[in-house]
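Engineer: Questions regarding the structure given below will be posed in turn.
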Amino acid sequence: MNKVLAIVRRDALFDLSYPMPFLMQWISIIVGVSAFHFVSKLVAPSRALGVGGHKATYFAYVVVNIAFMLLQTNALGAFADSLRRDQMLHIIEPIFATPTPVELVAFSGGLWKITLSIAQVCVYLLTATLLFHLNLHGTNLATLALFMALSIASMSSIGIIAAGIVIYVKQQPPSNLLVGGAASMLAGVLFPIALLPAPLRVVSWLLPITHALAGMRAAIAGMPISHVSGEAIWLTISSAILAPTALVVFGRLVDRARRDGTLAHY
């Protein structure tokens, strides 16, 4: 635990040592929420935007999606970003030379950014509530907590695999494709996936972010876990497969870099 806290503290100090980029993250939240509020005035409330057949505004639909997509984006990229920074600063080899399991290094490297992302999600929703009257009173906290945990687990597992690739190939992998433009479209971030053609809906079903966002929207709408049990089961199975796989892949890629003598390369 001391090692985990030390890595988190190091990452926090690194972020806070650059106050302007850190501050801009929070300002961009207010700007983004405001922009979507005005865009939503062009779209009438619809049942297609709601959960369980209830009407919802486009603002409520898109703000919840964008807020929780931010969490998943950072859960995916935090581990690779942290290790790539360590490579560029020439400290990756000393870190792995310590008697610290590589799995612990992989797990700890993204904790600060994920914690920060959870705070940013809260600010995102709080801004939408205080400035533009987003209704969060009926939120089902149990459903919300479950899907936040499952989405972080599934995306972090992919992120740890990406971190292993960074160690071995010295480049950022294209893992952000999972939450990039095409994936955002297929996951229904900006519009319901029911509008997509049938073949694309099949592709959408395969993306973790689709199930995670469906669960988040249901939680905000006050739905119990039973209402989105299919999404919860999908994410649970994928997390159970991906998490141990990610740690094994990361460990083997680090060992390969050690044997090749390229661990310190960047």
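Coordinate-derived values only; no laboratory data. Since the model is a prediction, treat every value here as computed from it, not as a measurement. Neighbour counts are summed over all protein chains in view; Cβ atoms, including those assigned to glycine, are modelled from backbone coordinates with ideal geometry.
Engineer: Assuming R0 = 45 Å, what is the FRET efficiency of His90 and Trp205, from their Cβ-Cβ distance, to the nearest 0.05?
Structural biologist: In this case the efficiency is close to 0.55.
Engineer: Hey, another quick one. Between Val64, Val123, Val166, find the one with the highest GNM mean-square fluctuation for the chain; connect C-alpha pairs within less than 10 Å.
Structural biologist: Looking only at Val64, Val123, Val166, the biggest GNM fluctuation is shown by Val123.
Engineer: Something else: Most fluctuating residue of Ser204, Ser28, Ser238 in a GNM of the chain with Cα springs under 10 Å: which is it?
Structural biologist: Ser28
Engineer: How big is the Cα convex hull of the range 84-125 in projection, averaged over all directions, in nm²?
Structural biologist: Averaging across all directions leaves 3.5 nm² for the Cα convex hull.
Engineer: Viscosity 1.002 mPa s, temperature 20 °C: give me the Stokes-Einstein translational D for the range 11-150 in µm²/s, with Rh taken as the Kirkwood radius over C-alpha pairs.
Structural biologist: Here the translational diffusion coefficient equals 124 µm²/s.
Engineer: For the chain, what does -39500 (n - 2.57) per DSSP helix run (n ≥ 4), summed and divided by total residues, give at 222 nm, in deg cm²/dmol to the nearest 500?
Structural biologist: Rounded to the nearest 500, it is -24500 deg cm²/dmol.
Engineer: Here's another thing I want to ask about it. Out of Arg217, Arg256, Arg84, any idea which swings most in a Gaussian network model of the chain, alpha carbons joined below 10 Å?
Structural biologist: Arg256
Engineer: Which one of Ser117, Leu200, Ile220 has its Cα pushed farthest toward the positive end of the charge dipole of the range 2-260, where Lys and Arg give +1 and Asp and Glu give -1 at the Cβ?
Structural biologist: Leu200
Engineer: While we're looking at this one, here's another question. Only counting other Cβ atoms within 10 Å, I'd like Leu83, Leu16, Leu136 sorted with the fewest neighbours first.
Structural biologist: Fewest to most other Cβ atoms nearby, the residues stand as Leu16, Leu136, Leu83.
Engineer: Quick query: amide H of Ala56 versus all other amide H atoms, modeled in the peptide plane; which residues come in under 5 Å with a sequence gap of 5 or more or a different chain?
Structural biologist: Here Ser46, Arg47, Leu49, Gly50 satisfy the definition.
Engineer: Please give every one of the lysines within straight-line cross-link reach of Lys113, meaning a C-alpha to C-alpha distance under 22 Å, and leave out same-chain neighbours fewer than 8 residues apart.
Structural biologist: Within the straight-line limit of under 22 Å, Lys113 reaches these lysines: Lys3, Lys170.
Engineer: Let me ask something else. Modelling each spin label as a point 7 Å along the Cα-to-Cβ direction, I'd like the Ile237/Lys55 distance in nm, to one decimal.
Structural biologist: Placing both labels 7 Å beyond Cα along the Cβ direction yields 3.8 nm.
Engineer: Now for a different question. With a Förster radius of 45 Å, plug the Cβ-Cβ distance of Asn2 and Val43 into 1/(1 + (r/R0)^6) and report the FRET value to the nearest 0.05.
Structural biologist: 0.35
Engineer: Follow-up question, since we're still on this one. How much length would be gained if the chain were fully extended between Ile30 and Leu141, taking 0.36 nm per residue of separation minus their Cα-Cα distance, in nm to one decimal?
Structural biologist: Working: separation 111, 0.36 × 111 = 39.96 nm, distance 2.40 nm.
Extra length from Ile30 to Leu141 when fully extended: 37.6 nm.
Engineer: Now for a different question. Near Lys41, which lysines are there with a Cα under 23 Å away, not counting those fewer than 8 places off in the same chain?
Structural biologist: Those lysines meeting the cut-off are Lys55.
Engineer: I've got another one for you. Can you pull the Rg over Rh of the range 84-153, Cα-only, Kirkwood?
Structural biologist: 1.18
Engineer: Next question. Taking the simple approach of a point 7 Å from Cα along Cα-to-Cβ for both Ala149 and Leu196, what is their distance in nm?
Structural biologist: Once both label points are built, they end up 2.8 nm from each other.
Engineer: On to the next question. Normalized C-alpha radius of gyration of the range 2-260, against 2.2 N^0.38 Å? Numbers along the way, then the final one.
Structural biologist: On the way: Rg = 19.1 Å, N = 259, 2.2 N^0.38 = 18.2 Å.
Computed over Cα atoms of the range 2-260, the ratio equals 1.05.
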